[in-house]
Amino acid sequence: MIYRYTPITDEYTTYRIAFPYDESGAAQGQIIAAIDGIEYAYVPDDAVLPEQPGQITLVPVTDADLPIIKENSPQYRLINKRVVERLREQFSADDEFKLNRIATGHLLGRYTPTADEMAEIEAFDAAAIEARDWGRVEKAKIGL
């Protein structure tokens, strides 16, 4: 679940969400974005939120909030970057452009790929699927 709230600062401290902790003492959840003074925090659905500071009101976000959260989440951007890096470990951007041109020409009936080109397209596709699947798993870990 993703919550939004406004951190409150008084003369002594800044009040923020109180995250639950697991048995090892690790926090279950994290701040995933801050937009115009509002913080967005992810807490796993199976975690039980502790009592919050009286100054904090947690509001569950709706699906309508997700695009702006994704746009402003450093974790989300980093995952997207790492998806591309995983793909670039095997294929350069030039390789990707070349394979896309071949595949597009084939789909339009304007080009017949060789067996080697088809094998390369299939290898690229498998690598792209693996990278995207990895990214989806990582994004799910932060509720996105």
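The values are calculated or read from the model by the stated rules, or taken from the named source; none is laboratory data. All values derive from a computational prediction rather than experimental measurement. With ideal geometry, Cβ positions are generated from the backbone for all residues, glycine too; neighbour counts draw on all protein chains shown.
Within region 6-14, one or more residues are touching a Lys or Arg at 6+ places or on another chain (Cβ under 8 Å) and of a type outside the set (Val, Ile, Thr). Does Glu39 count as more than 24 Å from Arg132 (Cα to Cα), under 18 Å from the mean Cα position of the chain (by Cα) and not assigned by TED's automatic domain parsing to the domain that holds Ala127? Yes. Leu107 fulfils the conditions (1) of a type outside the set (S, T, N, Q); (2) surrounded by 10 or more Cβ atoms within 10 Å (Cβ to Cβ); (3) farther than 14 Å from Ile142 by Cα except for a single criterion, (2).
Only a single criterion out of (1) over 15 Å from Gln55 (Cβ atoms); (2) in contact (Cβ under 8 Å) with a residue 12 or more places away in the chain; (3) of a type outside the set (Phe, Trp, Tyr) is not satisfied by Gly25, namely (2). When residues in region 75-96 are screened for being without any contact (Cβ under 8 Å) to a residue 12 or more places away in the chain and either more than 30 Å from Met118 (Cα to Cα) or in contact with a Ser or Thr (Cβ under 8 Å, 6 or more places away or on another chain) (or both), 2 of them pass. Residue check: is Leu49 surrounded by 11 or more Cβ atoms within 10 Å (Cβ to Cβ), hydrophobic (A, V, I, L, M, F, W, C) and assigned to a loop (DSSP other than H, G, I, E, B)? When the stated conditions are applied, Leu49 passes them.
Residues of region 95-121 that are charged (D, E, K, R) and more than 18 Å from Val83 (Cα to Cα): Lys98, Arg101, Arg110, Asp116, Glu117, Glu120.
A search for C-beta distances below 7 Å between a residue of region 119-141 that is closer than 30 Å to Gln30 by Cα and any residue that is β-branched (Val, Ile, Thr), counting only pairs 6+ apart in sequence or on different chains, returns Ala131/Val83; Arg132/Val83; Trp134/Val83; Gly135/Ile79; Gly135/Val83; Glu138/Ile79; Lys139/Ile79.
No other residue among Ala64, Ala41, Ala47 is closer than 30 Å to Arg16 by Cβ, in contact with a Gly (Cβ under 9 Å, 6 or more places away or on another chain) and at pLDDT 95 or above apart from Ala41.
Residue-wise test of (1) loosely packed, with under 14 Cβ neighbours inside 10 Å; (2) part of a helix (DSSP H, G or I).
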residue: Tyr12; (1), (2): yes, no
residue: Tyr40; (1), (2): no, no
residue: Ile69; (1), (2): no, yes
residue: Arg86; (1), (2): no, yes
residue: Asp95; (1), (2): no, yes
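Tell me, yes or no, whether region 94-104 has at least one residue that is of a type in the set (D, E, K, R) and under 28 Å from Ile31 (Cα atoms). Checked region 94-104: no residue is of a type in the set (D, E, K, R) and under 28 Å from Ile31 (Cα atoms).
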